[in-house]
1. Going by what's in this entry, would residue 286 be described as in contact (Cβ under 8 Å) with a residue 12 or more places away in the chain, farther than 28 Å from residue 67 by Cα and not in a helix (DSSP H, G or I)?
2. Quick one: which of 214, 165 is touching an Asp or Glu at 6+ places or on another chain (Cβ under 8 Å), part of a loop (DSSP other than H, G, I, E, B), at pLDDT 95 or above and within 16 Å of the ligand (Cβ to nearest atom)?
3. Residues in the stretch 79-94: is at least one over 16 Å from residue 269 (Cβ atoms), within 16 Å of the ligand (Cβ to nearest atom), open to solvent by less than 50 Å² (accessible area, probe 1.4 Å) and at pLDDT 95 or above?
4. Can you find, within the stretch 131-162, the residue that is farthest from the ligand (Cβ to nearest atom) among those that are open to solvent by 30 Å² or more (accessible area, probe 1.4 Å) and out of contact with any Phe, Trp or Tyr (no Cβ under 9 Å at 6 or more places or on another chain)?
5. Tally up the residues in the stretch 1-26 that are within 24 Å of residue 133 (Cα to Cα), surrounded by 16 or more Cβ atoms within 10 Å (Cβ to Cβ) and in contact with a Ser or Thr (Cβ under 7 Å, 6 or more places away or on another chain), please.
6. Could you say which residue among 6, 24 is more than 30 Å from residue 175 (Cα to Cα) and within 18 Å of the chain's Cα centre (by Cα)?
7. Could you figure out which of (1) assigned to a loop (DSSP other than H, G, I, E, B); (2) β-branched (Val, Ile, Thr); (3) within 16 Å of the ligand (Cβ to nearest atom); (4) open to solvent by 10 Å² or more (accessible area, probe 1.4 Å) isn't true of residue 111?
8. Residues that are closer than 27 Å to residue 138 by Cβ and among the aliphatic types (A, V, I, L, M), at least 3 per element: which strands (runs of 3 or more DSSP E) completely within the stretch 1-90 meet that?
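The values are calculated or read from the model by the stated rules, or taken from the named source; none is laboratory data. Keep in mind that this is a model prediction, so the values were computed, not measured. Positions of Cβ are generated from backbone atoms using ideal geometry, with glycine treated the same way; all protein chains shown enter the neighbour counts. To get the accessible areas, we keep the full protein, side chains included, count just its heavy atoms, and leave off ligands, DNA and RNA. Shrake-Rupley method; radii C 1.70, N 1.55, O 1.52, S 1.80 Å.
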Amino acid sequence: MVPNVKGFFDSATNTISYVVSDPKTNKCAVIDTVLDFDMAAGRISYGSADEIIDYVRSNDLEVEWVIETHVHADHLSAAPYIQEQLGGKLGIGKNITVVQDVFGKVFNAGTAFERDGSQFDALFEDGDTFTIGTMQASVIHTPGHTPACLTYLIEDAAFTGDTIFMPDFGSARCDFPGGSAEELYNSVQRIFELPDDTAIFVCHDYKAPGRDEFAWQTTVGEQKAKNIHMGGGVASEDFVKMREERDSKLGMPKLILPSIQVNMRGGHLPPAEDDGNHYLKLPVNRF
Ligand SMILES: [Fe+2]
C-alpha cells in the first residue's frame with residue numbers, strides 16, 4: 001500500500017516537507033517542516049508552515065506525528081508551530097543526543113540546554129515501529145550525513161531525508177560533525193535492500209544537469225540502477241573518495257548557524273534573555 005503523500009517544496013531552502021496520510025482514517029504525519037527565516041533581518045515567518053496547516057485542515061486530516069529525519073543544517077524546523085496548531089507528537093532519531101552534545105558545546109549553550117533529547121516526545125531507534133492511523137511505520141537508522149539521520153518507512157514509501165537524493169543528483173554531504181561517507185554508503189545499502197518498487201521521497205532537490213523541474217519522488221529500483229553516486233554497484237572506497245573530495249570544496253550552508261541552534265532544541269529558539277528577546281549566536285571562527 002502506498003500512503004497519500006503530499007510534498008511541499010520550499011524554494012528558499014530547496015526543502016521538501018511531506019504530509020503522509022492514511023486514506024482509511026485521515027490520520028497523518030508531517031515530515032521535515034520549514035520555518036521561514038530572513039537571515040539579514042533575523043526575522044521568522046510562517047508562510048511555508050501555514051501552507052501545510054491549510055492543507056491538513058482543508059482535507060480534514062488529523063496529525064498524529066510531527067517527525068524529523070534529522071537535525072537540519074539548512075533550514076529551521078517549524079515543528080513546534082505545527083504542533084501548536086495541529087497537535088501530534090514530535091519525533092526524531094535517538095542520536096539527537098550526540099548532535100546536542102557536539103553543538104551544545106559549539107554554541108556554548110550552558111547547562112540550561114538539556115542534551116538528553118527531552119525536547120522531543122519520541123526518540124526513535126533502528127527497528128522501532130509506530131502507526132499513523134492504520135498505516136505501519138518503521139524506522140531505519142541511516143547515519144552518514146549526520147549521526148542521527150533516520151529513514152521512515154511508511155507502508156511502501158521511504159522518507160530518506162538527506163541520506164540519498166534524486167538519482168541524477170546523487171547524495172548529500174557527509175562532512176558535518178559526526179558525518180561519515182563510509183557510514184552513508186552503508187546506510188544507502190540498507191535502503192537498497194528494500195523492494196525495488198518502494199517509493200523514495202527525498203528531503204531536498206536542486207534540479208540537475210538536463211533537468212529543469214524540481215523532483216522529489218523516485219524508487220529504490222531506480223536509485224539502485226541510476227543514482228550517479230551510489231547506483232550500479234559502486235564500491236564503498238570509490239564512493240567515499242568521491243564524496244570526501246566533493247565535500248572538501250563545499251562552503252557552509254547559508255543558514256547552518258541559526259538552523260542548528262533552533263533545530264537542536266526541537267525547533268525552539270534559545271530562551272529569551274532578560275530583556276524578553278530571543279537571540280541567536282554566531283560562533284566566530286568555529287567553522
Ligand atoms: Fe540535512
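1. Working: in contact (Cβ under 8 Å) with a residue 12 or more places away in the chain: yes; farther than 28 Å from residue 67 by Cα: yes; not in a helix (DSSP H, G or I): yes.
Taking the combined requirement at face value, the residue satisfies it.
2. The unique qualifying residue is 165.
3. Yes: the stretch 79-94 contains one or more residues that are over 16 Å from residue 269 (Cβ atoms), within 16 Å of the ligand (Cβ to nearest atom), open to solvent by less than 50 Å² (accessible area, probe 1.4 Å) and at pLDDT 95 or above.
4. 134
5. 4
6. That would be 6, the only listed residue that is more than 30 Å from residue 175 (Cα to Cα) and within 18 Å of the chain's Cα centre (by Cα).
7. (3)
8. 15-21, 27-31, 62-67
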